[in-house]
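**Student:** Got a structure here, written out as structure tokens. Questions coming.
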Amino acid sequence: MKKYLKKSGLLATAVALLLSVASCEKDHNTINENTDAVNVDAAVAACSELEALCKQVSTLISETAPTDAQCNIILSEYVDDVVVPTYRLLAEAALDFRDAVNALKTSNDAVHLKAAADAWMVARIYWEESEAFLFGPVGEDAFDIDAHIDSWPLEINDILGVLANDASGLTGQSAWLLDAEVIGFHTTEYLLFREGQARGSITDAELKYLSAATEALVWDCSLACVAWAGENNVSIGVKNAFNENPDVKELFNDRPNFQNFGDKLKNATGNYAGSFVAAMSEISDGAADIASEVGTTKIESPFVNGLVEEVESWYSWHSLEDYQNNIKSIKNAYYGGRNLSTPTTNSLSAFVKAKNSQLDSQIKAKITDCITKIAAIGTGGRSFYEVVRDNAK
């Protein structure tokens, strides 16, 4: 998640109204409030501990100086079995989401709106599972895809301004050029969801906006996939989507160091200048970064400050699932594959275990601990939005 704190006046007003209503209805149960605080503190602490452990791995890599061949084997599995498959799933899910939105344009009813919301959710899961590797092509020094599709909070005033003009003239290509806070996952989420559920209806202007923003999202997801895997190593559908917008192709062509990036990472070429240790450290550094962001930015900040507008995935009430998927991205990166119960023989985990078995055991246990403690925040089946709202003073 690329987080911005640019809040519109309308957003602040809406939040104030929500908190006013919540304060009237709030059950001032000190035990429940204390439970929420304890659960949040536990999750934040677990994330911080996981961050520290991941940083120890980076130190271990530097101090032990594995051979280029060792690094290449680990990096190859990481790229081929974790990163590229995740981006392929994301890009394909984005195409499915676009298909669902196109079907909604043909039949604007609650059934097709729910189908579009469901398709959005699938793509969202794969994006959150990619956040342990928010470097290279998706970073701000390359194509800035992270910011472009996952900035938060939204500029609600600007979005409503477009809708007030009936989204006249808005196309996918023009939407892709808009500021990050008015496109991407969270704008499409805003148009599809309210209070954790798919909306029952959507206006024609909202549907125009949704369609344009979805096109932009498809291109960003396709760009991430092509940049990592190479244009000849993606499906025809993803390749075609990548070539639809000339602005996307121009950006891609302007940054050759981030093309076929998976091969560059595996072979420590391009910006890595032959440093296999630096390339391999990207795995643990990326894991440490997202562990820190989940604990400090995504969980602690909104809860401590009592600011519901800082809660990511506000409208779909999917925050806690997002955060758990972020930690799962660390597990995938560390285990050497997606959704594995045990690490592979060529994983970063296997390397760490051979050098420091205690550290390896601590990391694996802490990954599980983080996921468990994040899930525990939503006691009583509540979303994180509700937890923050109910505890806001």
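**Student:** Among the listed residues Glu189, Glu140, which satisfies the condition of being acidic (Asp, Glu) and either assigned to a helix (DSSP H, G or I) or over 30 Å from Glu77 (Cβ atoms) (or both)?
**Tutor:** Glu189
**Student:** Filter the stretch 94-113 for residues that are touching a residue at least 40 places away in the same chain (Cβ under 8 Å) and closer than 22 Å to Gly172 by Cα and give the result.
**Tutor:** Ala94, Leu95, Phe97, Arg98, Val101, Asn102, Leu104, Lys105, Asn108, Leu113
**Student:** Only residues that are under 25 Å from Leu104 (Cβ atoms) and open to solvent by 60 Å² or more (accessible area, probe 1.4 Å): list them for the stretch 200-238, please.
**Tutor:** Ser201, Thr203, Asp204, Lys208, Ile236
**Student:** Output the residues belonging to the stretch 113-143 that are open to solvent by 60 Å² or more (accessible area, probe 1.4 Å) and within 20 Å of His318 (Cα to Cα).
**Tutor:** Lys114, Asp118, Val122
**Student:** Looking at the stretch 252-310 only, could you name the residues that are of a type in the set (Ser, Thr, Tyr), open to solvent by 40 Å² or more (accessible area, probe 1.4 Å) and closer than 29 Å to Asp322 by Cβ?
**Tutor:** Thr296, Thr297
**Student:** Another question about this same structure. Identify the residue in the stretch 155-179 that is among the aliphatic types (A, V, I, L, M) and surrounded by 21 or more Cβ atoms within 10 Å (Cβ to Cβ) and, among all such residues, is farthest from Glu215 (Cα to Cα).
**Tutor:** Ile156
**Student:** Which residue out of Ala167, Ala116 is touching a helix residue (DSSP H, G or I) at 6+ places or on another chain (Cβ under 8 Å), among the small types (Gly, Ala, Ser), outside any helix (DSSP H, G or I) and in contact (Cβ under 8 Å) with a residue 24 or more places away in the chain?
**Tutor:** One residue alone meets the criteria, Ala167.
**Student:** Which members of the stretch 289-345 meet the condition of being of a type outside the set (Gly, Ala, Ser), touching a residue at least 24 places away in the same chain (Cβ under 8 Å) and not in a helix (DSSP H, G or I)?
**Tutor:** Leu307, Val311, Glu312, Trp314, Tyr315, Trp317, His318, Arg338, Thr344
**Student:** State the number of residues belonging to the stretch 350-393 that are more than 20 Å from Asn325 (Cα to Cα), assigned to a helix (DSSP H, G or I), open to solvent by 10 Å² or more (accessible area, probe 1.4 Å) and not basic (Lys, Arg).
**Tutor:** Selection size over the stretch 350-393: 9.
**Student:** Still on this structure, please answer the following. Across the stretch 239-248, what is the number of residues that are open to solvent by less than 50 Å² (accessible area, probe 1.4 Å) and assigned to a helix (DSSP H, G or I)?
**Tutor:** 4
The values are calculated or read from the model by the stated rules, or taken from the named source; none is laboratory data. The shown structure was predicted, so the numbers you read here are calculated from the model rather than taken from an experiment. All Cβ positions, glycine included, derive from the backbone under ideal geometry; neighbour counts span all protein chains shown. Side chains are part of the model used for accessible areas, which takes the heavy atoms of the whole protein and leaves out ligands, DNA and RNA. Shrake-Rupley method; radii C 1.70, N 1.55, O 1.52, S 1.80 Å.
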